[in-house]
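In what follows, a structure is listed as structure tokens, so that the remarks can point back to it.
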Amino acid sequence: MAHDTYAVFRDDAYLAEAEAQVVAVNDRGGIILDRTIFYATSGGQPGDTGLMTRADGSRIAIAATITGETKNEIIHVPAAGQPLPEPGEKLALAIDWPRRHLLMRMHTACHLLTVVCPFPITGASVAEDDSRVDFDIPDAGFTKEDVTAWLMELIAADHPVFTRLISDDELATNPGLVKSKNVRPPTGNGQIRLVCIGEDGLVDSQPCGGTHVRSTGEIGEIHIGKIEKKGRENRRFRIRFGAPPAQ
């Protein structure tokens, strides 16, 4: 039976510590809580790592966070050799905040890249230091220098980043909100979560369940490290932190 976990990170991506109660431990040792600040791997963003502290002060290192039978069931995967808690136990949670914040900055940068390159997305992967977004573009017509400059303009403008909810019907009447070529956001729950950039979402608005920073300025300096041809109509843009390397 699948369990529902309240995903605190959807309301507050900056909450690095919290308390929760163990609902179940599955047959593979995965820990399921009533609520969690640990983001589960989804949409190209990897799941959180961190620690759980028990009442006696002992700790359980969490090596990964994934979804279970449903998107609402979040499973915390302990590192090898860790003790397992009992259902009903209360735990203090702490995510690896420096890692999460890097992922939040990167994920938001990937959204900005879809503004600079307004083409169907065919794939994406967010990482701490080198992320990618793939676009369906017959001929890129872009240079990494130009794309970097456009991205940094959006970052320097320090646009607000926020979320809002729309209905399934609103999404159906605004299909352009979905930028992925092959993946559609889950519907049927009555609400779709949009990540919006700019006043009233005028810079960008798209369905996304990931974690993001509060403003584009928080991303910091980034650059396009490479634009790769991955097929007749597929171009991969790699985003990296920091200034472009000297030529």
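Which numbered condition trips up residue 69, out of (1) of a type in the set (D, E, K, R); (2) at pLDDT below 95; (3) within 26 Å of residue 198 (Cα to Cα)?
So residue 69 meets the others, but not (3).
Quick check on my filter: what residues within segment 50-76 are farther than 13 Å from residue 93 by Cα and either of a type in the set (A, V, I, L, M, F, W, C) or touching a Leu at 6+ places or on another chain (Cβ under 9 Å) (or both)?
Listed by number, the residues that qualify are 63, 64, 66, 74, 75.
So which residues in segment 196-239 are surrounded by fewer than 19 Cβ atoms within 10 Å (Cβ to Cβ), in a loop (DSSP other than H, G, I, E, B) and out of contact with any His (no Cβ under 7 Å at 6 or more places or on another chain)?
Listed by number, the residues that qualify are 202, 214, 220, 221, 232, 233.
I'd like the residue in segment 83-103 that is of a type in the set (Lys, Arg) and surrounded by fewer than 16 Cβ atoms within 10 Å (Cβ to Cβ) and, out of all such residues, is nearest to residue 47 (Cα to Cα). Don't jump to the end; show me each part of the working.
Applying the first criterion (of a type in the set (Lys, Arg)) to segment 83-103 yields 90, 99-100.
Then keep just the ones that are surrounded by fewer than 16 Cβ atoms within 10 Å (Cβ to Cβ); that gives 90, 99.
Details: 90: 22, 99: 10 Å.
Per the stated criteria, the residue is 99.
Looking at segment 140-174, which of its residues are of a type in the set (Val, Ile, Thr) and in contact with a Leu (Cβ under 9 Å, 6 or more places away or on another chain)? Spell out how you get there, then give the answer.
Step one: filter segment 140-174 for residues of a type in the set (Val, Ile, Thr), giving 143, 147-148, 155, 161, 163, 166, 173.
Within segment 140-174, 147, 155, 163, 166 meet the criteria.
Being of a type in the set (A, V, I, L, M), within 28 Å of residue 160 (Cα to Cα) and in contact with a strand residue (DSSP E or B) (Cβ under 7 Å, 6 or more places away or on another chain) is the requirement here; does residue 74 meet it? Write out each step before concluding.
Values: of a type in the set (A, V, I, L, M): yes; within 28 Å of residue 160 (Cα to Cα): no; in contact with a strand residue (DSSP E or B) (Cβ under 7 Å, 6 or more places away or on another chain): yes.
So residue 74 does not fit the description; no.
If you go through segment 48-68, how many residues are crowded, with 21+ Cβ neighbours inside 10 Å and of a type in the set (S, T, N, Q)? So that I can check it myself, show each step before the final result.
Kept after step one, since they are crowded, with 21+ Cβ neighbours inside 10 Å, are these residues of segment 48-68: 48, 50, 52, 62, 65.
Still in the running and of a type in the set (S, T, N, Q): 65.
Going through segment 48-68 one residue at a time, the tally reaches 1.
Evaluate the following for residue 148: is it of a type in the set (Ser, Thr, Tyr), over 28 Å from residue 38 (Cβ atoms), in the same structural domain as residue 121 (by TED's automatic domain parsing) and loosely packed, with under 14 Cβ neighbours inside 10 Å?
Working: of a type in the set (Ser, Thr, Tyr): yes; over 28 Å from residue 38 (Cβ atoms): yes; in the same structural domain as residue 121 (by TED's automatic domain parsing): yes; loosely packed, with under 14 Cβ neighbours inside 10 Å: no.
The answer is no for residue 148.
Could you list, in sequence order, all residues of segment 189-222 that are without any contact (Cβ under 8 Å) to a residue 24 or more places away in the chain and not aliphatic (A, V, I, L, M)? Give the derivation first.
To start, the set of residues in segment 189-222 that are without any contact (Cβ under 8 Å) to a residue 24 or more places away in the chain comprises 189-190, 200, 202.
The answer is 189, 190, 200.
Within segment 1-32, restricting attention to residues that are surrounded by fewer than 16 Cβ atoms within 10 Å (Cβ to Cβ) and in contact with a Lys or Arg (Cβ under 9 Å, 6 or more places away or on another chain), which residue is nearest to residue 43 (Cα to Cα)?
10
So, in segment 227-247, exactly how many residues are touching a Lys or Arg at 6+ places or on another chain (Cβ under 6 Å) and under 12 Å from residue 131 (Cβ atoms)?
So the count comes out to 2.
Condition test on residue 45, is it within 29 Å of residue 191 (Cα to Cα) and surrounded by fewer than 20 Cβ atoms within 10 Å (Cβ to Cβ)?
Details: within 29 Å of residue 191 (Cα to Cα): yes; surrounded by fewer than 20 Cβ atoms within 10 Å (Cβ to Cβ): no.
Spelling it out, it is not the case that residue 45 is within 29 Å of residue 191 (Cα to Cα) and surrounded by fewer than 20 Cβ atoms within 10 Å (Cβ to Cβ).
The values are calculated or read from the model by the stated rules, or taken from the named source; none is laboratory data. Given the structure is predicted, the values throughout are model-derived calculations rather than measurements. Neighbour counts run over all protein chains shown; Cβ positions are idealised from the backbone, glycine included.
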